[in-house]
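The values are calculated or read from the model by the stated rules, or taken from the named source; none is laboratory data. Given the structure is predicted, the values throughout are model-derived calculations rather than measurements. We place every Cβ from the backbone using ideal geometry, glycine too, and count neighbours over all the protein chains shown. We work out accessible area using only protein heavy atoms, side chains counted, and drop any ligands, DNA or RNA first. Shrake-Rupley method; radii C 1.70, N 1.55, O 1.52, S 1.80 Å.
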Amino acid sequence: PFVLGHELAGEVAALGEGVTGVRPGERVTVNPARSCRECEDCRGGRPNLCRRTIMLGSASTRPPTDGAMAEFVCVRADQCHALPAALDDGLGALIEPLAVALHAIRRAGGVAGRRTLIVGGGTIGLLVALLITAVNLAECERRGDLIRLYNAGSGPRYSEVYPTEWAAWVAECRD
C-alpha cells in the first residue's frame, strides 16, 4: 500500500537547508512529476520527456511513490508554483490536470465547431470536455442550445446548463 494523490495545492511549511525559490507560508500548486534533472532531456530543457520521472502517488516506481493525501508532502522547490491569493486551494490543485487537458486539446488541433470524442471520464477527461465546451461556447450561444454535462460513472444523471451560465463561468475563469 501507498499514499495516493498527485493533484495538490497547499502552503509551504518548511524548507530544507539551502532551498531557494519558495518561502514558508507561500501558497503553491505542485507539479507532481519529479524529473531527474541529469539526463539529456532534462539538461536540454525538456524535463517532461525525462524517462526517470517519478510521479507523486504512483505505482510506476518500485517501491511506489507516496502521494499528496497526507498532512505533509516533501517536494523539490522547482516543482512548486506560487498561487495567486484570489485562487483557492481546490482550484489550485486542478492546475496540473488542467494543463494536461489544454495540452491534449492543442495536440488534437482545432476543436472549434468539430465533433470530438473524449475517452475517459476522470479528472482530465472532464476538464477536456469543459474546455471544449468553452471553445464552442459562442456557437452554442448563437444557436441557443442546451448543454448537457454528463456525470461519468453516475449512470444517466446529468445537469442541464444554459450557455449564458457557461459564459459567466468562463468569463470568471479568465479574469
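Hey, any idea what % of segment 1-55's accessible area is carbon plus sulfur with a 1.4 Å probe?
Ligands and nucleic acids excluded, carbon and sulfur give 49 percent.
Treating the Cα atoms of segment 1-126 as identical point scatterers in vacuum, please give the log10 of the normalised Debye intensity I(q)/I(0) at q = 0.12, 0.20, 0.22 Å⁻¹, two decimals.
Calculated log10 I(q)/I(0) at the listed q: -0.54, -1.31, -1.42.
If I model a spin label as a point 7 Å beyond the Cα along the Cα-Cβ vector, how far apart are those points for residue 33 and residue 106 in nm?
So the label points at residue 33 and residue 106 sit 1.2 nm apart.
Please work out how much length the chain gains when fully extended from residue 71 to residue 23, using 0.36 nm per residue of separation minus the C-alpha to C-alpha distance, in nm with one decimal. Don't jump to the answer; show the numbers that get you there.
Working: separation 48, 0.36 × 48 = 17.28 nm, distance 1.82 nm.
Here the answer is 15.5 nm.
Quick check: pseudo-label points 7 Å beyond the Cα along Cα→Cβ at residue 43 and residue 82, how many nm apart are they?
Simple spin-label model gives 3.2 nm for this pair.
Between residue 99 and residue 55, what is the label-to-label distance in nm when each label sits 7 Å out along the Cα-to-Cβ direction?
Distance between the two pseudo-spin positions: 1.5 nm.
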